[in-house]
Structure formats: structure tokens, C-alpha cells
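Asks: One structure coming up, written as C-alpha cells, with questions to follow.
The values are calculated or read from the model by the stated rules, or taken from the named source; none is laboratory data. Note that the structure is predicted; figures quoted are calculated from it, not measured. Because the Cβ atoms are built from the backbone with ideal geometry, glycine has one as well, and the counts that use them run over all protein chains shown. Surface accessibility is based on the protein's heavy atoms, side chains included, excluding ligands, DNA and RNA. Shrake-Rupley method; radii C 1.70, N 1.55, O 1.52, S 1.80 Å.
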Amino acid sequence: MVINEIFYSLQGEGAFAGTPSVFVRLSGCPLRCRWCDTQYAWSESAGREYSAEELKEKVLPQPTRHLVVTGGEPMVVDGLGEFIRPFAEAGMHITIETSGIRFVGDLPCDLMSISPRLSNSTPTEPGSADEHEKQRLNPPALQKLIDNYNYQLKFVVDSPVDLDEIAGCIEQLKNVNPYKVYLMPQARTRRELLDKSQMLADFCLQTGFSLSQRLQIMLWEGRRGK
Ligand code: SF4
């Protein structure tokens, strides 16, 4: 399996925001989100192979039991279950971060952190846009993910028009627990984060959805490896 990067930081988003975690970023993603901040992980070959032993030596000594498997898009990577299993057996809490475009079953995953892509993620280049639109929202896969795993749904919000789209997405799914839905401002700077958080606060109060932190922006403005 090609690993793009491994780093130790705070989980920035969702239910475990603020929790020290080891992040393992897998290489490869078929989406080309407009605001993607990890373009360096798009290619399946963007990184290097790690042996199981080498990975354990990197992950296990860190002073946390939280492992976050991120991407790229982990769910399109072959052998994901075999890769995670040794860490589950070592007692780690495992979060998988996915856009929800594909369902993979029987993963030893404590939290499936699903971030369905809204139309605000569509790239501007026509070729990439068509491919992105074909893949970005897969309601049957989303349904199976939320039916089979402990989950959270995190939506990236760029402007108020996205709020109707989120409602439409949730309407297509059954049994979504509103307490597991998080809204996150699309932002690259602290200023943007603050402005859009204020825009989202009232909507969260009306719906019962949670306003997610984005600590990686607040603390480090998205610096790589943080
Ligand atoms: S799914 Fe994630 S890694 Fe893939 S393009 Fe979108 S933001 Fe980037």
C-alpha cells in the first residue's frame, strides 16, 4: 500500500476535534474537489510503500490511541482492512475519513467519518467536472456506510445555498441521526473560518446539527503535516 504521509497532530474536525491522533494518509483519489487541500495525495503513486513493521514503528510509539486513516480516498485503496487490522488488534481507536463514494464492509473501524461532497466541490475544468459529478454523491454507498458503521456525516459548506443541498442529501438517506451531522465551513484562512462559522451557527441551532471545528485551519491555516 502506498502511504503519502504519516504525522502526529490534533484531529481538527468532528466529534474527536482536539484529540491527539496519528494520521496515515493513503495515496489516490478519483475526485478532484475544487477546494481540496491535499492535491499532493491525488495520485495512487504519490508516496511510498511501507511494510507492516515499518508502519507499526511509526504509529504505535505516539502518545495516543487514536489512528486516523485519511486520504486521498481510503475506500478506493485495495487491502484497507488488512492494513488497519493490526492497529485495531493493538487496541487503537480507528477513524476512517472518506467522501462516501464507495462502501467497503467488515472494516475494523470505530468511526466512519463521512464527508459527502456537495456541488460546491465540483472543479471548474470541464473534463474533471464531468468525472467528479459522476462520482461525488453515491446515496446507496452512503446508506450502507451509515447502516454498517458508527458514523458521523460532515458537510463542507461554502455559502448559504449549500444548506438546501444538505437537506436534500439527508432526505435521500434513511435513519440519519441529526446529532451525528456536522457542518464545517469551507475555509483556508482563520478569517474565512470565522466568517463562515458565524453564517452556520443559526442554521445549526435550527436543525440540531453541530458546527464542526476545523482546528487545522484555526491553529495552522492548513499547513501540511498539521
Ligand atoms: S475527496 Fe478529499 S482528497 Fe479527494 S479530491 Fe476531494 S478533498 Fe481532495
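Asks: To the nearest 0.05, how large is the calculated FRET efficiency for Lys174 and Arg85 if R₀ is 25 Å and r is the Cβ-Cβ distance? Please list the in-between numbers first.
Replies: Details: r = 30 Å, r/R0 = 1.19.
The pair Lys174/Arg85 has a calculated efficiency of 0.25.
Asks: Could you order the peptides 11-23, 51-63, 173-185 from most to least packed, using the average number of other C-beta atoms within 10 Å per residue? Present the calculation step by step, with values, prior to reporting the outcome.
Replies: Details: 11-23: 19.1, 51-63: 12.8, 173-185: 16.2.
Descending mean neighbour count gives 11-23, 173-185, 51-63.
Asks: So what's segment 56-118 giving for Cα Rg divided by 2.2 N^0.38 Å, two decimals?
Replies: Numbers: Rg = 11.8 Å, N = 63, 2.2 N^0.38 = 10.6 Å.
Dividing the Cα Rg of segment 56-118 by 2.2 N^0.38 Å gives 1.11.
Asks: Once the piece of chain linking Gln198 and Asp164 is laid out straight, how much longer is it, given 0.36 nm per residue of separation minus the C-alpha distance between them?
Replies: Values: separation 34, 0.36 × 34 = 12.24 nm, distance 1.76 nm.
Gain on stretching Gln198 to Asp164: 10.5 nm.
Asks: Under 5 Å between amide hydrogens, which residues at least 5 positions from Leu211 or on another chain qualify, with H placed 1.01 Å from N in the peptide plane?
Replies: Those qualifying (amide H under 5 Å, at least 5 residues apart or on another chain) are Leu183.
Asks: Where only protein heavy atoms count, and the probe is 1.4 Å, what is the accessible area per residue for the chain in Å²?
Replies: Details: 10540 Å² over 226 residues.
Per residue, the chain has 47 Å² of solvent-accessible surface.
Asks: With both bridge residues required to lie in the chain, what share of the DSSP beta bridges run antiparallel, to the nearest 5%?
Replies: On the way: 9 of 31 bridges.
Counting only bridges with both partners in the chain, antiparallel ones make up about 30 percent.
Asks: Right, next: When the accessible area of the chain is computed with all protein chains present and a 1.4 Å probe, what percentage of it is carbon and sulfur? Don't skip to the answer; put the middle values down first.
Replies: Values: 5160 of 10540 Å².
Carbon and sulfur together cover 49 percent of it.
Asks: Return the long-range amide H neighbours of Thr122 (sequence gap of 5 or more, or a different chain), with a cut-off of under 5 Å between placed amide H atoms.
Replies: Sorted by chain and number, the residues that satisfy this are Arg34.
Asks: Below 8 Å, C-alpha to C-alpha, sequence gap of six or more: please give me the relative contact order for the chain in percent. Walk me through the numbers on the way to the answer.
Replies: Working: 450 pairs, mean separation 44.0, N = 226.
19 percent.
Asks: Specify whether the C-alpha gyration tensor of segment 1-60 places it in the rounded, prolate or oblate class, a ≥ b ≥ c being the square roots of the eigenvalues: rounded for a/c under 1.5, otherwise prolate if a/b is larger than b/c and oblate if not.
Replies: Values: a/c = 2.93, a/b = 1.04, b/c = 2.83.
Verdict is oblate for segment 1-60.
Asks: From Cα pairs below 8 angstrom and at least 6 apart in sequence, can you work out the relative contact order of segment 97-226, rounded to a whole percent?
Replies: Values: 185 pairs, mean separation 27.6, N = 130.
Relative contact order comes out at 21 percent.
Asks: What Kirkwood radius, in Å to one decimal, follows from the Cα pairs of segment 1-128?
Replies: Hydrodynamic radius (Kirkwood, Cα pairs) of segment 1-128 is 15.1 Å.
Asks: Evaluate Rg over Rh across segment 78-154, taking Cα atoms for both radii and Kirkwood's formula for Rh.
Replies: Values: Rg = 14.3 Å, Rh = 13.6 Å.
Radius of gyration over Kirkwood radius for segment 78-154 works out to 1.05.
Asks: So, in Å, what gap is there between the alpha-carbon centers of segment 137-156 and segment 24-49?
Replies: Taking the Cα centre of segment 24-49 as reference, the centre of segment 137-156 is 21 Å away.
Asks: Search the structure for amide H atoms under 5 Å from the amide H of Glu5, placed 1.01 Å from N in the peptide plane, and list their residues when 5 or more places away or on another chain.
Replies: Amide H to amide H, under 5 Å and 5 or more residues apart or across chains, Glu5 pairs with Arg25.
Asks: What cysteines in the chain have no other cysteine with a beta carbon less than 4.7 Å from their beta carbon?
Replies: Flagged as lacking a Cys partner: Cys29, Cys109, Cys169, Cys204.
Asks: Could I ask something else about it? For segment 2-220, just list the percent of Cα-Cα distances falling in each 5 Å bin from zero outward, please.
Replies: Spelled out per bin, shortest first, that is 1, 7, 14, 19, 21, 18, 11, 6, 2, 0.
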